[in-house]
Amino acid sequence: MKNTIIKTEKLCKSFIIGKTSNTVLKNIDLEIYEGDFTIIMGSSGSGKSTLLYSISTMDTPTSGDVSILGQDITHLNEYEIAAIRKKDISFIFQSMNLLPDLTVFENVAYSGYGLASKEQINQKATDLLTSLDLGDSLLKYPSELSGGGQQRVAIARALISDAKIIFGDEPTGALNSSMGRQVLDILTDLNNKGQSIVMVTHDIKAAARATRLLYLSDGKIAGDLKLGTYIPDNRAEREDAIFQFLKEHNW
Amino acid sequence: MWKKKLRQKKYQFLLIGIVLFVTTAIFAGCISFTLETTRFGQDFFKSETCPDMIYLTRSADSEQLLKQTSDVMNDVDTLFAQSAKYITAGMYVDDKAINVTFNSCMALNNVEEIPYYFERVKGATKDLAPKNHEVWISQAFADDNNIEVGDTIFLRSSYECMLTVTVLYNSAPVPSGMMGIFPMFVSQETLNSIDEPDATYITLQFKDGIKSIPNECYPEEFMSNLYYSIDVAGINMTYSTASMLFGGIGTIASLIIFLVSVILIRFILRSSLLREYRSIGIYKSLGYTSKKIIRFYLNCYAFVGVFAIPLGILGGIPLAYLLGGITNKYLTGYHITSTSILAAVLTFVILMLILLGNVYAILRTIPKITPIKALSIGATSSKEKLKRSLIPSAHSPFSMAINMIWKKKSLSVMVVLVLSVSFYLILLFGSISHTCSTLESHLDVWFGIPRTSCSIAADVTDDVRSYLTDNPYVKKVIFGDLSIRATTFVSNTTGNDLSADPIFSYESFEDPVVSFTYAKGRPPKNPLEIGITSDMSKEIGGTVGDYVNLTINDYTGDFLITGIFSSLMQGGHNLHILPVDLDRCHITYHFDNSMIQLKEGVSFEEFQDYVQETKPELQVVSYMPGLKSAVISVKNLSKPVTFTLVIVFILFSILNIINLMMMNNLENRKQYGILKALGFTNRYICAQNMFRTLILSTIAAIFAQVLDLLFSKILFANLVGIDALICPFTLRLGVTFSMMVLILFITYLFTLPVKKISPKELMEE
């Protein structure tokens, strides 16, 4: 029986544009489990990124409850939420969102300072970047790297804190297929080692890496597909299964 | 399209507009004020509205004497004489003693006979002359002493005379309270009843083309019987000193802040272009030309400038009227003429050219942007130049703030520049305000008199001498004569002639207790040595160590300039000379001023009471009566002006800081979102900003102090002619501390909105 790491109850999110209110998420009840590579898919405007931000403390729900690792984040103060972002979760953005004024090394280490001694964090940052083939780029700035390189820095930054949950908002969206595959391999590898990952994507090939697929439609969870552990040899079958699943939901 | 851009960035353009408005208002106001008062001074004091010479003589026959002197009368167009009395009695209003030097009453039979500007401004303004036991006094004198129409002035000595104030007047010989000499007008019958020495009040207007009549043309009997004489230059100086100071400094300061504002606008525009680099590339790829894009930005700034600058020029009018109303209060009032209109048009043209020229200079980089270059900038690359961190492995808000300052050098320099100028200008005007408001504590610097606790204006008889020398309250006393009238010329080897009037003599200029303040060198201590004023030094080109030829009455000889002091007294042409040299020149003098330094622990009031009890005929004053009006006048003028300018410069600082904060928040909005997403708290982000502001403000404060120490005294001395600017440590500390607190508070306010916004919203661009 897997532990629930994220739970939502009647989660709603609305946006006010001009004088009209647009409800994007409608009373979503959801549980995400430890060790899963959960992917959220849906057609454009279905609210998948909104859902991701709402359950990751990056945005505030309009109503409903959200628990992360047993803590109801809708009732936490600013410092408690910051502590969750610092220690318990990490986020990988589509546009990387690295700090442009810091070097590659500084971008990774800066996120980890305060969690252990400076020397330990510095060493860990170096090790992470080296393991992601960025050992020669420690003193470079993000703008001096390719998109794939920057996304690997973002992954290293996400890993420095040994977060229990990694969130990703279309982390391969801005990359070419080769770089995208590289990033997915890293994430799959992490998940195989027990890392919980929640990711949004519109790419079936990316979705094939999931152990669980949630389909969002019209602000609600319309479908839930369990896929099991990813094996490269089964990739084609998984993609077919996902394609059928999506077709059933009129994607 | 550019209107849409203005709407999108409305707050930023609004702030730019307000900054331009404020700086233009001060600049235009000060320019208008300076031009108008200069023009007014040139017209007023060169025309028949003002006498060219004024004399108060001891003799009732002076008028006849002059009329018989062809050397004088050949050059005189109008001679106007009134019988007068020189008042030595104490003067009181509501039992309050009013101390006046050269106090005099003139008989006025018909106001229409007065050949120069004379206006009844309050009271019985339709009367042609004062009636018996009525007195007309100048408005300047009334304001300095809180006297109003209907009040009664008492003259008390061996006689008592009661005079009711019925008219307050303005006149050309009293253009400001700094004049120090305030004739009172009474009826002939009232004058006859005043038991004081006879005198004659004479005003001369020269013929066209005649600037002065040499003193040797006047009869010696006339010159040796003078109480005082004033020329038009001296009268003009009491009017123009204030306008030169405030108009001059105000204009310079406003030009500086306008230029700083333009530099700030350049910086904002450059940052804007960097952010909009990609957008510009997209426009170009869609077929827009560089010219069109440049015009688009120019239109935005032109639109702001076209509104802000003319509004600022209009806003400068009240400022000019405020300043002019103060300086011209005792003359014909302040009016704007075509001079100001021309200045306004030129101001608009010049400031718009400066603004648009600088904007265009930045926009010239647009043609160099190619679509491919611009479109390659985006999520993965940047046009920004990259710098290493100063502090490696930085984590704390303080160390990150230092790294941010280092990496964003151009923004940091801009902030320091804006803050330095603001701090400096506030400090400068604060110092001017302080200097003017503590004038009476530094009369030695302003008027060339000794530093003392108090003084007594009375003939120094043997009795008075021994009373003061042996007085238990007195530490030291020196005696002098401050109104030696003689025909005095100072000339150097190039032949430049300058008259000095009056000349001062003291028993000793070197007493360590009752001492004199000299800007250069030392006071005279040996025979054939003199001290001259800084004005005289400039005009004759002589300085310490030079010999000058001095002619006093019939004596001519070479004297050594041992020192230079400052003095606003009577046109700033004064001499310090020893009694032994007065004897050499056969000058008749008598000591009638006792300059007293009291013992430690003795207050002025204690000594005053003691003298009142033991020698009531002596009147102790905290400083010479003749200077009181000048002191009050300077204070009354400087307070509103410096206060207004200080407020304006504080406003300028606040607006620019807000502008920079807005730009900073705009640029760093995404970064704040990333930091929050990484688990940094709002407090951390706020602390980082506050530390950055604190460091930059401290650097700016240091620069401002250095600028102040290097330039303020020189600037003040050049404009006023006196090296008298004081900036006490408490003022420096107070201004610096207050400004830094204000700036930190603004920074804190601008960081507050980040609190409530989620990381996702902050990261959205």
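Within 11 Å of chain B (Cβ to nearest Cβ), over 18 Å from A:SER90 (Cβ atoms), assigned to a loop (DSSP other than H, G, I, E, B) and open to solvent by less than 30 Å² (accessible area, probe 1.4 Å), is that true of A:LEU175?
Numbers: within 11 Å of chain B (Cβ to nearest Cβ): yes; over 18 Å from A:SER90 (Cβ atoms): yes; assigned to a loop (DSSP other than H, G, I, E, B): yes; open to solvent by less than 30 Å² (accessible area, probe 1.4 Å): yes.
Against the criterion (within 11 Å of chain B (Cβ to nearest Cβ), over 18 Å from A:SER90 (Cβ atoms), assigned to a loop (DSSP other than H, G, I, E, B) and open to solvent by less than 30 Å² (accessible area, probe 1.4 Å)), A:LEU175 qualifies.
Among the residues of region B:195-205, are any closer than 23 Å to B:GLN42 by Cβ, in contact with a helix residue (DSSP H, G or I) (Cβ under 9 Å, 6 or more places away or on another chain) and modelled with pLDDT of 80 or more?
yes
Return the residues of region B:52-63 that are in a strand (DSSP E or B) and under 16 Å from B:PRO214 (Cα atoms); say none if nothing qualifies.
B:MET53, B:ILE54, B:TYR55
Scan region B:709-733 for residues that are in contact (Cβ under 8 Å) with a residue 12 or more places away in the chain, open to solvent by 30 Å² or more (accessible area, probe 1.4 Å) and in a helix (DSSP H, G or I) and jot them down.
Correct list: B:LYS713, B:LEU715, B:LEU719, B:LEU731, B:ARG732.
Restricting to region B:450-497, name every residue that is modelled with pLDDT of 85 or more, β-branched (Val, Ile, Thr) and surrounded by 18 or more Cβ atoms within 10 Å (Cβ to Cβ).
Across region B:450-497, the qualifying residues are B:THR452, B:ILE456, B:VAL460, B:VAL464, B:VAL474, B:VAL477, B:ILE478.
Looking only at region A:133-151, count how many residues are open to solvent by less than 40 Å² (accessible area, probe 1.4 Å), away from chain B (no Cβ under 12 Å) and assigned to a helix (DSSP H, G or I).
Adding up the residues that qualify gives 2.
Could you check, for region A:60-68, whether at least one of its residues is facing chain B (nearest Cβ under 9 Å) and either surrounded by 17 or more Cβ atoms within 10 Å (Cβ to Cβ) or not charged (D, E, K, R) (or both)?
Yes - at least one qualifying residue is present in region A:60-68.
Show the residue pairs meeting these rules: Cβ distance below 8 Å; 6+ apart or different chains; first residue within region B:439-454 and in a strand (DSSP E or B); second residue of a type in the set (Phe, Trp, Tyr) and at pLDDT below 85.
Correct list of pairs: B:CYS454/B:TYR623.
Looking at B:LEU255, B:LEU274, B:LEU204 in this structure, which one is in a strand (DSSP E or B) and either open to solvent by 20 Å² or more (accessible area, probe 1.4 Å) or in contact with a Pro (Cβ under 9 Å, 6 or more places away or on another chain) (or both)? Talk me through it step by step, then tell me what you get.
Numbers: B:LEU255 fails: in a strand (DSSP E or B); B:LEU274 fails: in a strand (DSSP E or B).
The match here is B:LEU204.
Taking the stated definitions as given, is B:LYS409 within 14 Å of another protein chain (Cβ to nearest Cβ) and open to solvent by 30 Å² or more (accessible area, probe 1.4 Å)?
Here the answer is yes, as B:LYS409 does meet what is asked.
Being open to solvent by less than 60 Å² (accessible area, probe 1.4 Å), more than 9 Å from every other protein chain (Cβ to nearest Cβ), in contact with a strand residue (DSSP E or B) (Cβ under 6 Å, 6 or more places away or on another chain) and in a loop (DSSP other than H, G, I, E, B) narrows it down to one of A:ALA158, A:ALA163, A:ALA154, so name that one. Show your work before the answer.
Numbers: A:ALA158 fails: in a loop (DSSP other than H, G, I, E, B); A:ALA154 fails: in a loop (DSSP other than H, G, I, E, B).
Every option except A:ALA163 fails the conditions.
Out of curiosity, is A:LEU51 within 18 Å of the chain's Cα centre (by Cα), of a type in the set (A, V, I, L, M), buried (at least 24 other Cβ atoms within 10 Å of the Cβ) and more than 9 Å from chain B (Cβ to nearest Cβ)? Even if it seems obvious, please write down each step before you answer.
Details: within 18 Å of the chain's Cα centre (by Cα): yes; of a type in the set (A, V, I, L, M): yes; buried (at least 24 other Cβ atoms within 10 Å of the Cβ): yes; more than 9 Å from chain B (Cβ to nearest Cβ): yes.
Spelling it out, A:LEU51 is indeed within 18 Å of the chain's Cα centre (by Cα), of a type in the set (A, V, I, L, M), buried (at least 24 other Cβ atoms within 10 Å of the Cβ) and more than 9 Å from chain B (Cβ to nearest Cβ).
Where in region B:64-131 are there strands (runs of 3 or more DSSP E), lying fully within it, with 2 or more residues that are among the hydroxyl-bearing types (Ser, Thr, Tyr)?
B:76-86
Tally up the residues in region B:389-406 that are of a type outside the set (A, V, I, L, M, F, W, C), more than 11 Å from chain A (Cβ to nearest Cβ) and open to solvent by less than 20 Å² (accessible area, probe 1.4 Å), please. Walk me through how you get there before you give the answer.
Here is the first cut: in region B:389-406, the ones of a type outside the set (A, V, I, L, M, F, W, C) are B:389, B:392-393, B:395-397, B:399, B:403.
Restricting the remaining residues to those that are more than 11 Å from chain A (Cβ to nearest Cβ) gives B:397.
Subsequent filtering for residues that are open to solvent by less than 20 Å² (accessible area, probe 1.4 Å) retains none.
So the count comes out to 0.
Hey, A:ILE89 hits all of (1) surrounded by fewer than 23 Cβ atoms within 10 Å (Cβ to Cβ); (2) in contact (Cβ under 8 Å) with a residue 40 or more places away in the chain; (3) at the interface with chain B (Cβ under 9 Å from one of its Cβ atoms); (4) among the aliphatic types (A, V, I, L, M) but one; which does it fall short on?
Going through (1) surrounded by fewer than 23 Cβ atoms within 10 Å (Cβ to Cβ); (2) in contact (Cβ under 8 Å) with a residue 40 or more places away in the chain; (3) at the interface with chain B (Cβ under 9 Å from one of its Cβ atoms); (4) among the aliphatic types (A, V, I, L, M) one by one, A:ILE89 breaks only (1).
Only residues that are farther than 22 Å from B:GLY180 by Cβ and touching a residue at least 12 places away in the same chain (Cβ under 8 Å): list them for region B:121-146, please. Please lay out each step first, then the result.
Initially, region B:121-146 is screened for residues farther than 22 Å from B:GLY180 by Cβ, giving B:123-134.
B:GLY123, B:ALA124, B:THR125, B:ASP127, B:LEU128, B:ALA129, B:PRO130, B:LYS131, B:ASN132, B:HIS133, B:GLU134, listed by residue number.
Name the residues in region B:735-752 that are in contact (Cβ under 8 Å) with a residue 60 or more places away in the chain and more than 14 Å from chain A (Cβ to nearest Cβ), would you?
B:VAL735, B:THR736, B:MET739, B:LEU742, B:ILE743, B:ILE746, B:THR747, B:TYR748, B:PHE750
Going through region A:100-132 one residue at a time, which ones are more than 9 Å from chain B (Cβ to nearest Cβ), touching a Ser or Thr at 6+ places or on another chain (Cβ under 7 Å) and not in a helix (DSSP H, G or I)?
Listed by number, the list holds a single entry, A:LEU115.
Do we find that B:ALA140 is of a type in the set (A, V, I, L, M) and not in a loop (DSSP other than H, G, I, E, B) in this structure?
Here the answer is yes, as B:ALA140 does meet what is asked.
Only one of B:LEU715, B:LEU694, B:LEU707 is touching a helix residue (DSSP H, G or I) at 6+ places or on another chain (Cβ under 6 Å) and farther than 21 Å from A:GLU78 by Cβ. Can you tell me which?
Matching residue, one of B:LEU715, B:LEU694, B:LEU707: B:LEU707.
Search region B:650-678 for residues being open to solvent by 30 Å² or more (accessible area, probe 1.4 Å) and over 14 Å from B:LYS408 (Cβ atoms), and hand back the single one that is nearest to the other protein chains (Cβ to nearest Cβ).
Per the criteria, the residue is B:LYS670.
Please identify the pairs in which a residue from region A:99-120 that is without any contact (Cβ under 8 Å) to a residue 40 or more places away in the chain and closer than 18 Å to B:LYS408 by Cα has its Cβ atom under 6 Å from the Cβ atom of a residue that is outside any strand (DSSP E or B) and open to solvent by 30 Å² or more (accessible area, probe 1.4 Å), counting only partners at least 6 apart or on another chain.
Close Cβ pairs satisfying both conditions: A:THR103/A:LEU139.
Tell me which of these B:ILE722 doesn't satisfy, since it passes every other one: (1) away from chain A (no Cβ under 14 Å); (2) of a type in the set (Val, Ile, Thr); (3) closer than 28 Å to B:ASN659 by Cβ.
(3)
Please go through region B:570-609 and pick out each residue that is within 11 Å of B:ILE503 (Cβ to Cβ) and open to solvent by 30 Å² or more (accessible area, probe 1.4 Å).
Matches in region B:570-609: B:GLN570, B:HIS573, B:TYR589.
Which of the residues belonging to region A:199-214 are open to solvent by less than 10 Å² (accessible area, probe 1.4 Å) and in contact with a helix residue (DSSP H, G or I) (Cβ under 7 Å, 6 or more places away or on another chain)?
Selection gives A:VAL200, A:THR201, A:ALA206, A:ALA207, A:ALA208, A:LEU213.
Counting only residues that are without any contact (Cβ under 8 Å) to a residue 24 or more places away in the chain, within 14 Å of chain A (Cβ to nearest Cβ) and open to solvent by 20 Å² or more (accessible area, probe 1.4 Å), which one in region B:679-706 is nearest to B:SER412 (Cα to Cα)?
Among those residues, the one meeting the criterion is B:ARG683.
The values are calculated or read from the model by the stated rules, or taken from the named source; none is laboratory data. As the structure is a prediction and not an experimental result, all values here were calculated from the model. Here Cβ is always computed from backbone atoms with ideal geometry, including for glycine, and neighbour counts include all displayed protein chains. Keep in mind that these areas ignore ligands, DNA and RNA; they rest on the heavy atoms of the full protein, side chains included. Shrake-Rupley method; radii C 1.70, N 1.55, O 1.52, S 1.80 Å.
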